[in-house]
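Taking it in order: structure first as structure tokens, then the write-up.
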Amino acid sequence: MNRTFHNRDKAAQLISFKNLQWEKISATDIDFCIEIHNKLFIFGECKHGDSELPFGQKLALERIVDLIGETKVAILLVFTHNTPIDEDIDAGNCVVREYRFNKQWHTEEQGRTVNEFCTKLIEKYK
């Protein structure tokens, strides 16, 4: 299935978290989540170039994945793109830079795309 935007203008709207802040804590987003049969949970966060996850977002995502990983298979992918601002980012073809699994960070050294990484996980755990 090829998913497209139902309403591109609405999809382009930014979500402001300015009224969701308490002291140094604020809301964060997750770029994607895939859940397979209540067995496998894949979270993904996309960054431009070599941008790092901000501290608070990294901590929140680590805690989510680590907690789910205590009873299920859970993984967080951090992937990168260098897409021009006037083009859509093709998440499936972005390259995985690092991932969190079993409460540890791992560097992805095989240069796999998000699609390749997810396909292999889904085949293994479904």
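Flag not set for ALA60, criterion: surrounded by 11 or more Cβ atoms within 10 Å (Cβ to Cβ) and out of contact with any Ser or Thr (no Cβ under 8 Å at 6 or more places or on another chain). Here ARG63 passes the criteria (1) of a type outside the set (Gly, Ala, Ser); (2) in a loop (DSSP other than H, G, I, E, B); (3) over 20 Å from LYS124 (Cα atoms) except the one numbered (2). Taking every residue in the stretch 36-59 that is farther than 20 Å from ILE85 by Cα and touching a residue at least 60 places away in the same chain (Cβ under 8 Å) and pairing it with any residue that is acidic (Asp, Glu) and part of a strand (DSSP E or B), at least 6 positions away or on another chain, the pairs with Cβ-Cβ distances below 9 Å are ILE42/GLU35. Scanning the stretch 67-122 for residues that are in a loop (DSSP other than H, G, I, E, B) and closer than 20 Å to LYS39 by Cβ yields GLY69, GLU70, THR71, LYS72, ASN102, LYS103.
Taken over the stretch 3-18, residues that are part of a loop (DSSP other than H, G, I, E, B) and of a type in the set (Asp, Glu) amount to 0.
Being under 15 Å from the mean Cα position of the chain (by Cα) and among the polar types (S, T, N, Q) is the filter here, so list the residues in the stretch 35-89 that pass it. Answer for the stretch 35-89, where residues must be under 15 Å from the mean Cα position of the chain (by Cα) and among the polar types (S, T, N, Q): SER51, GLN57, THR80.
Each residue in the stretch 19-52 was checked for being part of a loop (DSSP other than H, G, I, E, B) and surrounded by 10 or more Cβ atoms within 10 Å (Cβ to Cβ), and 8 pass. So LYS124 passes all but one of these: (1) in contact with a strand residue (DSSP E or B) (Cβ under 7 Å, 6 or more places away or on another chain); (2) of a type in the set (D, E, K, R); (3) loosely packed, with under 11 Cβ neighbours inside 10 Å. Which condition number does it fail? Single failed check for LYS124: (1). Any chance the stretch 103-125 includes a residue that's out of contact with any Leu (no Cβ under 9 Å at 6 or more places or on another chain), within 30 Å of GLN21 (Cα to Cα) and of a type in the set (Gly, Ala, Ser)? No - not one qualifying residue is present in the stretch 103-125.
The residue list THR80, THR71 contains one member that is of a type in the set (Ser, Thr, Tyr) and without any contact (Cβ under 8 Å) to a residue 12 or more places away in the chain, which is THR71. Counting residues in the stretch 106-124 that are β-branched (Val, Ile, Thr), closer than 21 Å to THR4 by Cα, at pLDDT below 95 and more than 14 Å from the chain's Cα centre (by Cα) gives zero.
The values are calculated or read from the model by the stated rules, or taken from the named source; none is laboratory data. Values in this document were obtained by computation on a predicted structure and should not be read as measured data. Positions of Cβ are backbone-derived with ideal geometry, glycine not excepted, and every protein chain shown enters the neighbour counts.
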